[in-house]
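Worksheet: the structure to be examined is printed underneath.
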Amino acid sequence: MRLDPRLSQTIMKALLWTLTGLTLFILIFIIVNISIKGLPQVTPEFLLEDPQDMGRAGGIFSTIVATAYVTLLAILLASPLGVGSAIYLTEYTREGWITRIIRFGAECLAGVPSIILGLFGFVLFVMTLGFGWSILSGGLTLAIMVLPIIIRTSEEAIKAVPQDYRLVCYSLGLSKWQTITRIVLPSALPGISTGIMLSVGRSLGETAVLLFTAGAALRTPASLFDSGRTMAVHFYILAREGISMPNAYGTAAILMISILLINIVAYGLMQRVMKRYS
Amino acid sequence: MKKELFIERVLLFLALSSIGALVTITVFIFWEGIPLIASAGLKNFLLSSHWAPTRGHFGILAMIISSVFVTLGALILGVLLGLACAITLAEFAPERVKILLKPTLELLAGIPSVVYGFLGVVWLVPLIRDYLGGPGLSLLAGSVILGIMILPTVISISIDALSAVPDLYRDGSIALGATNWQTVHRVVLPAASSGIIPAIILGMGRAIGETMAVIMVAGNALKIPTSVLDPVRTLTANIALELGYASGRHREALFATGIVLFVIIMILNLTASAITRRR
């Protein structure tokens, strides 16, 4: 016996919409649950006081500082490398074996799981180079993690700049480098910023890499060579060792909401760029 | 003109950074891990499930099996939900709904893995313990959380694959009297399969490489699981749990575990990109 095609279509559509609804429900559940339990903990004192008694009391100030340091360092290191790679790939070469190798490297690097990056950062920066568990080791390893994100988005952004812009520059007698720095990069800037913002989002939420490279010291890091516990690592330790559920929820809320906001703004920016040039 | 050439050289140097980083990572992980595999023997390392690193036993079979099962479980959930979302959005949803829902679902990718793990411990683990039995921290819990975590990968790549199927295919099928669903399932899905399979493989790579969420919900017990309710320790969890205090051969064994993980993930990623490129 065969089912009437129209009936089976109705059943399948209902099923597909139900599963889509379920997925949306999971997303909303995560955001609402963390926000409802976490946001009431978030007071000015929570943000501006250092953790006390291993995080049982006090706020999360030192972890915010550590997060800002490693993220800033990672972005400062990865941006020139990533944007430079993207300029080279889009403006300086035809597709050939060199571009294939570079793309292959970026693609594979994007697929390396964070625990492997953690192992690598640990053996190279922490042990071999002797930086120890530090902001420096953490920032260097994070930079490798976000490099592929910056390359990919910058490449898209630079490609989206119309060819006419470049031709006009050349006809006015500008050199290739002048064209790139005065016209192409400024036009691609919103798209490049998207990549950088996505990288910040990725860095804020990263745990496995930083646990083994930046360590878990609760003091506010005073130099590049100090260990620092980031918000994500702090949240992990609070939750896993059952130190303080309210503080864990509060930290999670701050972390999740900042990442979501950054991603939403980045997405909006990219949409505007794509609209302008298409 | 000399300046231009110099700039080009500098940019090429910058552009080689990603492949350079990849090579350095590979060299260091292998350099640290190979001596142990050489001295313990590849067969003992991969095919024994006796892991007692302080007493010289380095078998990771139980963890390989656990990683494989947790990942397969994650794929069942992730592919079912992910494909359903992708088909709904690409084929059935009105344009305005699609424009709103696609980026919304992609937000799932931004939620940190520790948050997934935490919610797994708070909500999912007690549910499993109370209704299905066992300790709650289990293979099943790991699979469900990972299944949710790979959704953004599966959804966004599958939507792109479905959207890349020319409308001519759909029109032809509808003109022959097929319903929308028959068109999707007999014409569009097969045509998009070379884009959907990489989506699934990449999702698999993400699941097998995920660490923090799995540590929090899967229970980390060192044995070959006999039921989905058993606690399991994956390859990633093994590295993360022990790296903090390991030294000597024990630490080498963790890097050797890393080699196995690295090789599995590279094979998955290369397969996915080979399939995508052939299209």
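Nothing in this text is a laboratory measurement; each read-out follows from the coordinates by a stated rule. The shown structure was predicted, so the numbers you read here are calculated from the model rather than taken from an experiment. Cβ placement follows ideal geometry from the backbone for every residue including glycine, while neighbour counts extend to all protein chains displayed.
Stretching the chain fully between A:TRP17 and A:LEU3 yields a gain of 3.0 nm (0.36 nm per residue, less the alpha carbon separation). Length available on full extension from A:THR43 to A:ILE243: 0.36 nm per residue minus the Cα-Cα distance, which gives 70.1 nm.
Placing unit charges on the Cβ atoms of the charged side chains and taking the dipole of chain A about its Cα centre, the candidate lying farthest along the positive direction among A:ILE151, A:GLY58, A:ALA222 is A:ILE151. Each Lys and Arg Cβ is given +1 and each Asp and Glu Cβ -1; about its Cα centre, the protein assembly as shown then shows a dipole of about 940 debye.
Between the amide H of B:TRP51 and those of B:GLY59, distances stay under 5 Å, these residues lying 5 or more places away or on another chain, with hydrogens modeled in the peptide plane.
Toward the positive end of the charge dipole of the stretch B:1-134, with +1 on the Cβ of Lys and Arg and -1 on the Cβ of Asp and Glu, the farthest Cα among B:LEU89, B:GLY134, B:LEU5 is that of B:LEU5. Here the Karplus curve 6.51 cos²θ - 1.76 cosθ + 1.60, taken at θ = phi - 60°, turns the phi angles of the stretch A:32-41 into couplings of 5, 4, 5, 5, 4, 7, x, 4, x, 6 Hz, with x standing for Gly and Pro. What shape does chain B have by the C-alpha gyration tensor, where a ≥ b ≥ c are the square roots of the eigenvalues, rounded means a/c under 1.5, and otherwise prolate means a/b greater than b/c and oblate the rest? It is oblate, given that a/c is not under 1.5 and a/b is not larger than b/c.
For the listed residue pairs A:LYS159/B:LYS3; A:LYS37/B:LYS102; A:LYS13/B:LYS98; A:LYS159/B:LYS98; A:LYS176/A:LYS275; A:LYS176/B:LYS2, the alpha carbons are over 19 angstrom apart in A:LYS159/B:LYS3; A:LYS37/B:LYS102; A:LYS159/B:LYS98; A:LYS176/A:LYS275. Across chain A, Cα pairs under 8 Å and at least six residues apart give a relative contact order of 27 percent.
In the protein assembly as shown, taking the dipole from charged Cβ atoms about the Cα centre, the farthest positive-side position among B:GLY248, A:ILE87, A:LEU24 is held by A:ILE87. Taken about its Cα centre, chain B carries a charge dipole of about 420 debye when Lys and Arg each add +1 at the Cβ and Asp and Glu each add -1 at the Cβ. Scanning residues 5 or more positions from A:ILE243 or on other chains, none has an amide H under 5 Å from its amide H, with H placed 1.01 Å from N in the peptide plane.
Go ahead and run the numbers for FRET between A:TYR165 and A:LEU260, Cβ-Cβ distance against an R0 of 22 Å, rounding to 0.05.
Values: r = 34 Å, r/R0 = 1.55.
So, using R0 = 22 Å, E works out to roughly 0.05.
As a rough footprinting exposure proxy, the listed residues A:ASP4, B:ASP230 were ranked by other beta carbons within 10 Å of their own, and the order from fewest upward is A:ASP4, B:ASP230. In the elastic network of chain B, a GNM with C-alpha springs shorter than 10 Å, the most mobile of B:LYS223, B:LYS98, B:LYS43 is B:LYS43. Quick one: helix B:61-87 against the long Cα principal axis of chain B, what's the angle to the nearest 10°, folded into 0 to 90? Orientation of helix B:61-87: about 20 degrees from the principal axis. Amide H contacts under 5 Å for A:GLY58: A:GLN52, restricted to partners 5 or more places along the chain or on a different chain, H placed in the peptide plane at 1.01 Å from N. Taking A:LYS13, A:LYS176, A:LYS37 in turn, the Gaussian network model of chain A (Cα-Cα springs below 10 Å) assigns the largest fluctuation to A:LYS13. With respect to chain B, whose longest principal axis is taken over its alpha-carbon atoms, helix B:151-163 is tilted by about 30°. Going from the residue with the fewest nearby Cβ atoms within 10 Å to the one with the most, A:SER258, B:SER67 rank A:SER258, B:SER67. Could you work out how far helix B:189-209 tilts from the main Cα principal axis of chain B, as a 0 to 90 degree angle to the nearest 10? Taking the Cα atoms of chain B, the angle to B:189-209 is about 20 degrees. Shape class of the protein assembly as shown from the alpha-carbon gyration tensor: rounded, with the ratio a/c of largest to smallest axis under 1.5. Between A:ALA188, A:ALA160, A:ALA14, the GNM of chain A built on Cα springs shorter than 10 angstrom shows A:ALA14 fluctuating the most. The phi torsions of the stretch B:2-13, fed into the Karplus equation with coefficients 6.51, -1.76 and 1.60 and a -60° offset, translate into couplings of 4, 4, 4, 5, 4, 4, 4, 4, 4, 5, 4, 4 Hz, rounded to whole numbers, with Gly and Pro shown as x. About its Cα centre, the dipole of the stretch A:44-277 is roughly 780 debye, where the only charges are +1 on Lys and Arg Cβ and -1 on Asp and Glu Cβ.
For chain B, the mean residue ellipticity at 222 nm estimated from helices alone is -23000 deg cm²/dmol, where every DSSP H run of n ≥ 4 contributes -39500 (n - 2.57) and the total is divided by all residues, rounded to the nearest 500. Across chain B, the mean sequence separation of Cα contacts (distance under 8 Å, 6 or more residues apart), normalised by length, yields a relative contact order of 27 percent.
Each residue of the stretch B:132-147 is assigned a 3J(HN,Hα), and the resulting list reads 10, x, x, x, x, 5, 7, 3, 4, 4, x, 5, 5, 5, 5, x Hz, derived from the Karplus form 6.51 cos²θ - 1.76 cosθ + 1.60 (θ = phi - 60°), x at Gly and Pro. Per the Cα gyration tensor, chain A maps to an equivalent ellipsoid with semi-axes of 36, 31, 19 Å, ordered largest to smallest.
Residues A:ILE116, A:ILE30, A:ILE257, ranked from the fewest to the most other C-beta atoms within 10 Å, line up as A:ILE257, A:ILE30, A:ILE116.
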